[in-house]
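Enquirer: There's a structure below that I have some questions on.
The values are calculated or read from the model by the stated rules, or taken from the named source; none is laboratory data. Not measured: the values here are computed from a predicted model. Please note: Cβ atoms are built from the backbone with ideal geometry, for glycine as well, and neighbour counts cover all protein chains shown.
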Amino acid sequence: KLDDLNQDTVCGKYDFIITAQRDLIDKDCWVYSVLYHDWPVLVFNEGHPFGGRESVDLIEAKYENFVALSKGYSSRRWFDETCAAAGFQPHIAVECDYQLRSEMIRANYGLGFSSILGQKSNILHEFKYVRLSSPIITRTQVIAWDKRRKLSGAANIFRAFMVSYMKEFCQQNS
């Protein structure tokens, strides 16, 4: 959970975490490498009025229902911040986890909020999406580790692999 991310006990607990750069509040704890920068999108079923458009201004979705992740998820904070930057508080019809979000979007409970790469995931790939043209709050994903901890050779190889893999993956999927 986000609330636990910057506590000292979490910082030393894992070899790595993958999260949004903005989630790393405690700069005394974490050091990181950037994996990718991602763009926000709205996710919906076939037939939605946003379908067929290249982009939308988020304020156009002000009166839409949303299927949102529960508070405590990094992606939820990104959604909340983006809606606030657009000048509105979203109407959240359902608050749930990632898997249930797909089911609720499929059942037409509302729009989803994700990223270009998130939309290509197994749980969202069947839906249509449209990029946001405003506000543009991109998401920088990082691989982070405790800066007080010396990484093993295997950990350094893994970190380098992740950075290289995500760079290649993003080039192929952009």
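Enquirer: Would a scan of region 110-118 turn up a residue that is over 24 Å from His37 (Cβ atoms), surrounded by 13 or more Cβ atoms within 10 Å (Cβ to Cβ) and modelled with pLDDT of 90 or more?
Expert: Yes, there is a match, as at least one residue in region 110-118 is over 24 Å from His37 (Cβ atoms), surrounded by 13 or more Cβ atoms within 10 Å (Cβ to Cβ) and modelled with pLDDT of 90 or more.
Enquirer: I need the full set of residues from region 119-145 which are in contact with a Phe, Trp or Tyr (Cβ under 8 Å, 6 or more places away or on another chain), more than 15 Å from His37 (Cβ to Cβ) and in a loop (DSSP other than H, G, I, E, B), in order please.
Expert: Selection gives Ile123, Phe127.
Enquirer: Could you tell me whether Leu132 is touching a Pro at 6+ places or on another chain (Cβ under 6 Å) and in contact (Cβ under 8 Å) with a residue 60 or more places away in the chain?
Expert: Yes; evaluated as a whole, the condition is true for this residue.
Enquirer: Take the residues in region 68-95 that are within 18 Å of the chain's Cα centre (by Cα) and part of a loop (DSSP other than H, G, I, E, B); name whichever of them is farthest from Gln21 (Cα to Cα).
Expert: Pro90
Enquirer: While we're on this one: Taking region 132-170 as the region of interest, how many residues are closer than 19 Å to Thr82 by Cα and either aromatic (Phe, Trp, Tyr) or in contact with a Lys or Arg (Cβ under 9 Å, 6 or more places away or on another chain) (or both)?
Expert: Matching residues across region 132-170 total 2.
Enquirer: Among residues belonging to region 51-82 that are modelled with pLDDT of 95 or more and among the small types (Gly, Ala, Ser), point out the one that is surrounded by the most Cβ atoms within 10 Å (Cβ to Cβ).
Expert: Applying the filter and picking the extreme gives Ala68.
Enquirer: Could you count how many residues in region 52-67 are charged (D, E, K, R) and either free of Cβ contacts under 8 Å to residues at least 24 places away in the same chain or assigned to a strand (DSSP E or B) (or both)?
Expert: Qualifying residue count for the region: 2.
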